[in-house]
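One structure is given here, and the rest of the page talks about it.
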Amino acid sequence: MKLSRMTAYVSSIFLTAAFALTGAGVASAATHAQAAGTDYVALGDSYSSGVGTGTYDSSSGSCKRSPKAYPSLWAASHAPASFAFTACSGATTDDVKANQLAPLNSSTDLVSITIGGNDAGFSDVMTTCVLNSQSTCINRINQARTYADTVLPGKLDSVYDAIRAKAPNAHVVVIGYPHFYKIGGSCFGGLSDTSRAAINGAADELNTVTAKRAADHGYTFASVVPPFTNHEICSSNSWLNSLVWTNIGESYHPTAAGQSGAYLPTFTSAA
C-alpha cells in the first residue's frame with residue numbers, strides 16, 4: 001500500500017530534517033524506506049536478464065533470468081513493495097511489447113530496461129567478426145550502425161510508448177551497453193584492434209540513439225561505459241565474457257562482477 005501524498009510530504013520533511021542532524025546514515029535509511037514502497041518492473045534483453053553470470057532461475061527457461069542480474073540484486077537490497085522480472089534473453093523491442101509488459105500498471109513506480117542490441121543484430125555482428133575477415137566484420141558493423149540510425153529509433157519509440165501507456169506514473173530508467181574491448185589491451189590474437197574499435201564505435205552509436213529516444217520520452221538514460229572502463233575484454237580484470245566455446249550464449253555478456261560492479265550501481269544511481 002502506498003503512502004498518501006500528504007503522508008509522503010510530511011515524511012520527506014522529517015527525513016530531510018533528520019539528515020541535517022545525523023548525516024548519511026539517515027539518507028541511506030530514507031532511500032531504503034522510499035524503495036520499500038516501490039512497485040518495480042524489470043524489462044529487457046539478456047543484459048537485464050543476467051545472461052553471462054552463469055546462474056539462472058530454472059523456472060525462467062530460455063529467458064535465463066539470474067539472481068545475479070542487476071534487477072534481482074537491486075530488489076534484494078531495497079525490498080520494493082513488488083518486483084516483477086520479465087526481461088528475457090534474446091528479446092527485441094517487439095518481444096518486449098508482446099511478452100513483457102503484463103506486470104505494468106498505473107501503480108508501477110519504477111521500470112528498468114535494456115533493449116535494442118538484438119534489434120540491431122549485435123549477436124550476428126560478433127559471430128561475423130569472430131568467424132570472418134576484418135573487412136567482412138567492418139561491413140557487418142556498418143550495417144548494424146545503419147540500422148541503429150534509421151530503423152531502431154522507431155522501434156524504440158514504439159516500445160517506450162507502450163511502457164508509458166501501461167505505466168503512466170513510472171520512472172523509467174533505460175540502461176545502455178558497454179564497450180566490449182579495451183583497445184591495446186592484453187589480448188593476443190583474435191580480432192584486430194581495428195575490428196575491436198569498430199565494435200566499440202557501434203556500441204556508442206547504439207547508446208547515442210537509445211539515449212536520444214529515451215530523453216524524448218522523458219525517460220532517464222544511464223550509461224555503463226564509465227564503470228566498465230578498464231573492465232572490458234582484453235583488460236586485466238574483465239567484467240565481460242569473451243568468446244566462451246563451451247557455452248556460446250554466455251559470450252560477450254557481463255559476468256556476475258559486471259552486473260554487480262557496473263549495471264547495479266548505474267541503475268541504483270538513476271533509480
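The values are calculated or read from the model by the stated rules, or taken from the named source; none is laboratory data. What you see is a predicted model, and the numbers here were worked out from it, not measured in a lab. Positions of Cβ are generated from backbone atoms using ideal geometry, with glycine treated the same way; all protein chains shown enter the neighbour counts.
Note on region 182-209: residues that are free of Cβ contacts under 8 Å to residues at least 60 places away in the same chain, surrounded by 15 or more Cβ atoms within 10 Å (Cβ to Cβ) and part of a loop (DSSP other than H, G, I, E, B) total 3. Taking region 139-172, which residues are surrounded by fewer than 18 Cβ atoms within 10 Å (Cβ to Cβ) and under 15 Å from LEU191 (Cβ atoms)? Residue satisfying the conditions is ASN139 alone.
Determine whether region 224-246 contains at least one residue that is surrounded by 21 or more Cβ atoms within 10 Å (Cβ to Cβ), touching a Pro at 6+ places or on another chain (Cβ under 9 Å) and over 14 Å from TYR181 (Cβ atoms).
Yes; the residues of region 224-246 include at least one that is surrounded by 21 or more Cβ atoms within 10 Å (Cβ to Cβ), touching a Pro at 6+ places or on another chain (Cβ under 9 Å) and over 14 Å from TYR181 (Cβ atoms).
Report yes if HIS171 is under 17 Å from the mean Cα position of the chain (by Cα), assigned by TED's automatic domain parsing to the domain that holds PRO254 and over 22 Å from THR229 (Cβ atoms), otherwise no. Yes. Of all the criteria given as (1) modelled with pLDDT of 95 or more; (2) surrounded by 14 or more Cβ atoms within 10 Å (Cβ to Cβ); (3) over 17 Å from the mean Cα position of the chain (by Cα); (4) hydrophobic (A, V, I, L, M, F, W, C), the one not satisfied by ALA102 is (2).
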